[in-house]
Amino acid sequence: MRVVSGIQTTGNLHLGNYLGAIKQWVALQDRLAAEGGESLYFLADLHALTGDITPADLANSTIEMAATLLAAGIDPAKSILFNQARVPAHSELAWILQGTARMGWLNRMTQWKDKAGKNREGASVGLFTYPVLQAADILAYQATHVPVGEDQKQHLELARDVAIKFNTDFGVELFPAPEPLISAAAPRIMSLRDGTAKMSKSDPSDQSRINLVDDDDVIATKLRKARTDPEPLPDSWAALEGRAEARNLVTIYAALADLPVQDVVDQFAGQGFGAFKPALADLAVAVLGPIRARLTELLGDRAAVAAELARGAARAQALAAPTLRSAQAAVGLQI
Ligand code: TYM
């Protein structure tokens, strides 16, 4: 089993990233370190170039997000942590795979449609070909599994299509079709302001998300102000159908506590959100507080974080190099 996943370096990491992706990454790294197998996690700084960036923000964000991953439990002794730009194989393979991916496939991507909106003519070309670089990120390592939140499912399907078409077109067995591993506990954490929108770094309202850098008071205030309904919690999870905000808060509680949602409902049945929200805030603070403390410590030595990324990149490049060479040979490039 070889696991690869990445995170785009724009803005802050939030609770959706943590519960939907990073918690799984840590669990998988621990499992693979014990069982044999590799896990590779990276900061997708090249993907960040597809949106509006400020060079200083991009550079800072890469180090800060790397430090956040380390603080959240990614351990370079067990997994390979690096930034994408330092491993040229990603870009080189992405170009080769642009010959395989079809315009029609990319045109169907909902992220492209959402982010470009009505302004397709003015969108960057990179925003359109974004999923091809994502396919290269995965296929460069012949990854078998990709732990992601549900919102990345469509990009994963595209990576599978690219892998299969490349193998078929060139008569090789080079790329395994990667399987998405979508968190069962937190496939899609929703905004605190709107239970129908996902929690996202691009939401203009900071009240909509809990950032991993938020302090205890901010976490408690955001949860107290989170949108809910006036009804008490029912005694079964199924009875929360149609109460999107309530379901989201119960899901967050369950994922933070590593409990099944029904156990949480049992615990709070009959109580209103006036009682539930402070309990959720205490739990969130208890889980996120230690991560934030480690993060502050790590950011005291940014050079050490950068050095960790450089070490990870050298290891990643060594793993990707033979696959890239095979892809170049398969298409007839003389390298
Ligand atoms: P990104 O940076 O948007 O998100 C990183 C990870 O967090 C998950 N996630 C969520 N999970 C549950 N609920 C939410 N509200 C939520 N918001 C985000 C995402 O699903 C993701 O797993 N294109 C990718 C980055 C990427 C990548 C890759 C991922 C680049 N190359 C190769 C996997 C493999 C992205 O923008 O994720």
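The values are calculated or read from the model by the stated rules, or taken from the named source; none is laboratory data. Note that this is a predicted model, so its numbers are computed, not measured. Backbone-built Cβ (ideal geometry, glycine too); neighbour counts: all protein chains shown.
Couple of notes before you dig in:
- For the criterion of being at pLDDT below 95 and either under 18 Å from the mean Cα position of the chain (by Cα) or of a type in the set (Gly, Ala, Ser) (or both), GLY11 passes.
- Test: residue in the range 177-192 that is of a type in the set (Lys, Arg) and over 15 Å from the mean Cα position of the chain (by Cα): no
- With a requirement of 3 or more residues that are hydroxyl-bearing (Ser, Thr, Tyr), the helices (runs of 4 or more DSSP H) lying completely within the range 1-98 that satisfy it span 55-71.
- Flag if SER124 is under 20 Å from GLU179 (Cβ atoms), in contact with a Ser or Thr (Cβ under 9 Å, 6 or more places away or on another chain) and more than 11 Å from the ligand (Cβ to nearest atom): no
- Among residues of the range 186-200, those that are surrounded by 15 or more Cβ atoms within 10 Å (Cβ to Cβ) and within 10 Å of the ligand (Cβ to nearest atom), counted: 9
- Whichever residue in the range 207-240 is in a helix (DSSP H, G or I) and in contact (Cβ under 8 Å) with a residue 40 or more places away in the chain and, among such residues, is farthest from ARG193 (Cα to Cα): ASP216
- Count of residues meeting criterion [closer than 15 Å to ASP161 by Cβ, surrounded by 13 or more Cβ atoms within 10 Å (Cβ to Cβ) and among the polar types (S, T, N, Q)] in the range 77-124: 2
- Only one of the numbered conditions (1) touching a residue at least 60 places away in the same chain (Cβ under 8 Å); (2) in contact with a strand residue (DSSP E or B) (Cβ under 8 Å, 6 or more places away or on another chain); (3) outside the structural domain of LEU15 (by TED's automatic domain parsing); (4) among the hydrophobic types (A, V, I, L, M, F, W, C) is violated by LEU309, and that is (3).
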